[in-house]
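Worksheet: one structure, shown below.
The values are calculated or read from the model by the stated rules, or taken from the named source; none is laboratory data. As the structure is a computational prediction, the values presented were derived from the model and not from experiment. Methodologically, a virtual Cβ is constructed for each residue, glycine included, from the backbone with ideal geometry; neighbour enumeration extends over all protein chains shown. These area figures cover heavy atoms from the full protein model, side chains too; ligands, DNA and RNA do not enter into them. Shrake-Rupley method; radii C 1.70, N 1.55, O 1.52, S 1.80 Å.
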Amino acid sequence: MRLLSDGGKITIKTGLDNSGIEKDLAAMSSLIKGSTAVIGAAMAAATTAVVGFGSAYETSMAKASTLFGDVAVDTENLNGKILSLSGASGKAASELNETLYQALSTGVPVTEDMGQALNAVEAASKLATSGFTTSASAIDVMTTAANAYSDAGYEMSEISDILLMTQNKGKTTVDELASSLGRVLPVASAYCVSLEDVGAAEATMTANGIATAESTTYLKGML
């Protein structure tokens, strides 16, 4: 460091090399620009995802609403319940709306609070998770059973339990049952064979090595 005097002015010259500082500042500036670009891209992607989610949700809910008829459904409550169930189950809200549509189209009643329909959607969602299938397939087989045994008055949760028991006791899945049971349930109901007995027969035959589709065919033939 040197002190220089120039007409009463004192200049301090340190002799330090500030080229490193300049390089660091340049690097920092580049880093900030890069980070800004990354953040901007992430925000754009997030915005696109949110818009996509909103569009898919609105489309699926609009589809379900075509079955509301003249009932003044509390849509705010319905939307809240669907989104809450989506968060709890891990199922996409648009998938749950499709499940709702399937439930309504197969006879689950439309009410202002949509209580029965929401119970059916929730039961189907749980069954889908445990039964290695989609919510749409789960609600399909559940409503098929409910319609076939309408006089017996099975609750959706009861049907779900019977299907899971069939899966657990046999060598089958709810997904496979959903593809087959529709062929035998109306016949079984007509001959007063309970849903529990159908499930027991399916479990026994599949546990002994007969495929689900074949078991259903044999059971229908026996009836």
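Consider Ala120 carefully, then state whether it is free of Cβ contacts under 8 Å to residues at least 60 places away in the same chain, within 25 Å of Tyr57 (Cβ to Cβ), aliphatic (A, V, I, L, M) and out of contact with any Asp or Glu (no Cβ under 9 Å at 6 or more places or on another chain). So that I can check it myself, show each step before the final result.
Values: free of Cβ contacts under 8 Å to residues at least 60 places away in the same chain: yes; within 25 Å of Tyr57 (Cβ to Cβ): yes; aliphatic (A, V, I, L, M): yes; out of contact with any Asp or Glu (no Cβ under 9 Å at 6 or more places or on another chain): yes.
So Ala120 fits the description; yes.
Quick test of your reading of the structure: Asn147 fulfils all but one of (1) open to solvent by 70 Å² or more (accessible area, probe 1.4 Å); (2) part of a helix (DSSP H, G or I); (3) at pLDDT 95 or above; (4) not small (Gly, Ala, Ser). Name the failing condition by number.
Of everything listed in (1) open to solvent by 70 Å² or more (accessible area, probe 1.4 Å); (2) part of a helix (DSSP H, G or I); (3) at pLDDT 95 or above; (4) not small (Gly, Ala, Ser), Asn147 misses just condition (3).
Any chance the range 212-220 includes a residue that's among the acidic types (Asp, Glu) and at pLDDT below 95? Even if it seems obvious, please write down each step before you answer.
Residues of the range 212-220 that are among the acidic types (Asp, Glu), as a first pass: 214.
Filter again for at pLDDT below 95, leaving none.
The answer is no; no qualifying residue exists.
With the condition kept exactly as written, say whether any residue in the range 106-114 is under 20 Å from Leu181 (Cα atoms) and under 13 Å from the mean Cα position of the chain (by Cα).
Of the residues in the range 106-114, the ones under 20 Å from Leu181 (Cα atoms) are 106-108.
Applying the additional criterion that residues be under 13 Å from the mean Cα position of the chain (by Cα) yields none.
The answer is no, given that none of the residues of the range 106-114 is under 20 Å from Leu181 (Cα atoms) and under 13 Å from the mean Cα position of the chain (by Cα).
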